[in-house]
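The values are calculated or read from the model by the stated rules, or taken from the named source; none is laboratory data. The model shown is predicted, which means the values in this text are computed figures rather than measured ones. Glycine gets a Cβ as well: all are built from the backbone with ideal geometry, and neighbour counts include every protein chain shown.
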Ligand code: SF4
Ligand code: SF4
């Protein structure tokens, strides 16, 4: 067994998930490819969204992959940092907005 | 910053670079060699098409010392082409029927016979006469300030590097202050009519990634560059060529020092595009070194990989000999075939 949960080299082996279930993996990778193609949003906009989401789900593979992809797509350092602030703001905000729920409950129970 | 040569670094030696390129992961079979890759698509040995381009390296001297330079150029490099060799290039070009002359370096303008060569070449009637100008040379010294006018007089097609449309990434790759000097030079070229919409004075830019990643789609980058350079600086240019960094010389050193070499080679190999092999530039170009020796391309020149022809010098170059050769390849060739492909004229496929 590996002595660490994450190994950067494993990212390159992603396609190997197909070895144990080819049909589902094929569907996933075909869908994935279509999702990131230019559409109503540009491939670059999608890459920035992916970078932000990668930070939200805190996936080291996705952070590696989309930091590289954003660089390749010509996103500036500032652009990348702004995207992950958006992710962080939503994370922080989503905790804080539940404060209203907490207040509701406390108010209901209090005299 | 100094060249690898001036620092006496082992990687200044082509043999050392070739040993690395032939070593792991290719030696251990993790990645297929370029020869194997060509064999698997029925393109081995790689053969030339019609000779169209003469790419002449006027010397390795340069006013810049860019981190990614595959030439290991710099102010400390003294190799320079003589007028006699330039004359031999013009004669060989006339014999060959090639229609494009592409002057490179170093900074070709630093060769003391540069202007003489341009004037003589303009006389023999070249269809497309390219000078690879690094931009900052135009403002490096008073004696170069009139280069835009000089280029315009001889209808030279100017091709210039600008790795990004903002300061930080440009300066990190090409040196402190390079971005603003480049913008100043671009303004001077625009003022002469270079790069203006509809102008016959062609000004194209070269983008190459500032780091260990591949260039993105050329058209998309061109649109971004055009919008940003016009919005921020009022600058116009015609086309953008997206070029992949080759794992040679200073860029190879950067890859090794930053522990990116194996991943970069892996990325290049995974991005291998058989369609790009059709148009790799060694198939329609001859590269002439500062000393008159001929090579399959500027990269093979830097690696001192001799071409397989009988004649090894431009004086003896014959179109028959050249067109019947097999091209010498090694792992660095993956830089030409990754993704949409890469050459001095940008991408090689429409993909
Ligand atoms: S990349 Fe061009 S401008 Fe930079 S050091 Fe090399 S030859 Fe000079
Ligand atoms: S590096 Fe030179 S020889 Fe190799 S494919 Fe590219 S142009 Fe051809």
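Here the helices (runs of 4 or more DSSP H) wholly within the range A:20-111 that include at least 2 residues being within 14 Å of another protein chain (Cβ to nearest Cβ) and closer than 23 Å to residue B:210 by Cα are A:43-56, A:60-72, A:77-97.
The single condition among (1) more than 9 Å from ligand 2 (Cβ to nearest atom); (2) buried (at least 20 other Cβ atoms within 10 Å of the Cβ) that residue B:273 does not satisfy is (2). Counting the residues of the range B:278-288 that are surrounded by fewer than 22 Cβ atoms within 10 Å (Cβ to Cβ) and more than 8 Å from ligand 2 (Cβ to nearest atom) gives 3. A single entry from B:228, B:212, B:223 fulfils the requirement of being within 14 Å of chain A (Cβ to nearest Cβ), under 25 Å from residue A:42 (Cβ atoms), touching a residue at least 24 places away in the same chain (Cβ under 8 Å) and surrounded by fewer than 18 Cβ atoms within 10 Å (Cβ to Cβ): B:228. Just one residue in the set B:230, B:225 is touching a strand residue (DSSP E or B) at 6+ places or on another chain (Cβ under 9 Å), outside any loop (DSSP other than H, G, I, E, B) and more than 18 Å from residue B:149 (Cβ to Cβ); that residue is B:225. The sole residue among B:101, B:201 that is under 22 Å from the mean Cα position of the chain (by Cα), part of a loop (DSSP other than H, G, I, E, B), away from every other protein chain (no Cβ under 14 Å) and in contact (Cβ under 8 Å) with a residue 12 or more places away in the chain is B:201. Taking residue B:91, is it out of contact with any helix residue (DSSP H, G or I) (no Cβ under 6 Å at 6 or more places or on another chain) and modelled with pLDDT of 95 or more? Yes, satisfied.
From the list B:93, B:61, B:81, the lone residue that is touching a residue at least 40 places away in the same chain (Cβ under 8 Å), in contact with a strand residue (DSSP E or B) (Cβ under 8 Å, 6 or more places away or on another chain), more than 16 Å from ligand 2 (Cβ to nearest atom) and farther than 28 Å from residue B:255 by Cα is B:81. Residue B:221 meets the conditions (1) at pLDDT below 95; (2) within 16 Å of ligand 1 (Cβ to nearest atom) in every case but one. The failed one is (2).
Comparison of B:4, B:31, B:46, B:51 shows that the only residue that is in a loop (DSSP other than H, G, I, E, B), within 14 Å of ligand 1 (Cβ to nearest atom) and touching a helix residue (DSSP H, G or I) at 6+ places or on another chain (Cβ under 9 Å) is B:4. Looking only at residues in the range B:78-117 that are buried (at least 21 other Cβ atoms within 10 Å of the Cβ) and more than 16 Å from ligand 1 (Cβ to nearest atom), the one that is farthest from residue B:239 (Cα to Cα) is B:85. The helices (runs of 4 or more DSSP H) found wholly in the range B:107-189 and carrying at least 2 residues that are under 26 Å from residue B:215 (Cα atoms), within 14 Å of chain A (Cβ to nearest Cβ) and in contact (Cβ under 8 Å) with a residue 24 or more places away in the chain occupy B:167-174.
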